1. Assign unit charges at the C-beta atoms only (+1 for Lys and Arg, -1 for Asp and Glu), then state the dipole size of the range 39-170 relative to its Cα centre in Debye, rounded to the nearest 20.
2. If you count only protein heavy atoms and use a 1.4 Å probe, how large is the accessible surface of residue 88, to the nearest 10 Å²?
3. Count neighbours as other Cβ atoms within 10 Å of each site's Cβ, and list the trypsin sites (Lys or Arg not before Pro) in the range 115-159 that are DSSP loop with at most 12 such neighbours.
4. With only alpha-carbon atoms counted, please give the Rg and Dmax of the range 61-170, in Å.
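The values are calculated or read from the model by the stated rules, or taken from the named source; none is laboratory data. Note that the structure is predicted; figures quoted are calculated from it, not measured. Virtual Cβ from ideal backbone geometry, glycine too; neighbours counted across all protein chains shown. Remember, those area values only see protein heavy atoms, side chains included, never the ligands or the DNA or RNA. Shrake-Rupley method; radii C 1.70, N 1.55, O 1.52, S 1.80 Å.
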Amino acid sequence: NAAKIRLEPGTHDFTVKFQGPADSLKMSLTGIRDGRLRLREDNGRIFSLDLNTQGTACGGISLSPEGKYLVVRHSTTHADGKRSMYSELKRLSDGRTLFRTADRLEWMPGRDLLVYARKTVSGRDLITADPETGEETMLAAGIPEGNFKICPGGRRLICFTSQEGPKEGP
């Protein structure tokens with residue numbers, strides 16, 4: 001049984017698993033362009049387009065008001081083009097990751113208190129959480145979809161929503 005794998009230019013990792021007599025396995029590697037085909041043992045990668053279009057990248061960081069914690073937002077682009085995001089909370093004194101969540105984390109102005117929106121059956125609730133204990137408190141219920149910002153002093157919430165306008169003809 002012959003199997004062929006066609007690889008686009010770039011760095012590729014693959015494993016060949018074979019079950020049968022060792023002398024019956026035959027493999028060949030062919031480089032079509034200039035015969036440039038190399039096996040690397042240094043774990044390096046050549047620069048290719050997929051390094052820019054796929055994988056996980058830092059989508060932003062936010063230092064807590066008292067400087068004890070850091071929120072790191074990660075964005076992952078998958079091979080099919082779909083994106084996923086998650087936030088990590090890190091304690092700076094020891095570098096430990098305290099938790100990860102798909103929620104977008106913000107800081108309460110002037111306090112080391114996390115704020116995020118949680119989807120519920122009835123809409124979205126605004127939640128605060130203590131980074132050290134994880135204790136959560138509901139700050140507001142039924143906030144609209146979209147981004148938000150808490151005003152300095154923590155007494156007002158600004159919600160950024162979008163609304164689709166009327167459709168025009170062709």
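1. The calculated dipole for the range 39-170 is roughly 180 debye.
2. Around 10 Å² of this residue is reachable by solvent.
3. Here the trypsin sites (Lys or Arg not before Pro) that fit, given the DSSP loop and packing criteria, are 155, 156.
4. 16.3, 59
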